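Everything below concerns the one structure shown next.
Computed from the coordinates by the stated procedures, all read-outs in this text should not be read as laboratory data. Fair warning: this is a prediction, and the values are worked out from it, not measured in the lab.
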Amino acid sequence: MDVLPGFSKLFAALTKRMSQRCLDSLATVTLSLGELWSHRMHAPGASLRCHEGCVWLTREGDLSDHVLRAGEALRMEGPGLVVVQALGTARFSVSR
C-alpha cells in the first residue's frame, strides 16, 4: 500500500532527471547549491554523513525529511531510494 498517494511516481520522475552514482563501500559526493543526487540503497545500515555545508534529504518509506549540517549523520534504516539536495555547496559521504 502506498503511504502517500503518488509518492512512488514522484520518486520515479525524480530519478529519471538525476544522475546516479554507484556506491560500493564508500563514496564522497560534492554538490553545488540546489543540485540533486539520488541512489537506491539495497541493504540496511548505510550512513550518510555531511562533511561540509548543509543538505536536505528524503528517503523512500520515511514520512520525515531530514536536514544535515556539517558533522551530522543519519543512518538508513532500510533499503530504498534516497534523494539529497544541496542547500548550498555541500560535501557528504555514504558508507555501509
Integer Hz, Karplus 6.51/-1.76/1.60 couplings in order for the range 58-64, x for Gly and Pro: 9, 10, 4, x, 9, 6, 9
Phi angles of the range 35-48, converted by Karplus (6.51 cos²θ - 1.76 cosθ + 1.60, θ = phi - 60°) into ³J(HN,Hα) in whole Hz with x for Gly and Pro, give 5, 10, 9, 9, 7, 8, 7, 9, 10, x, x, 6, 10, 10
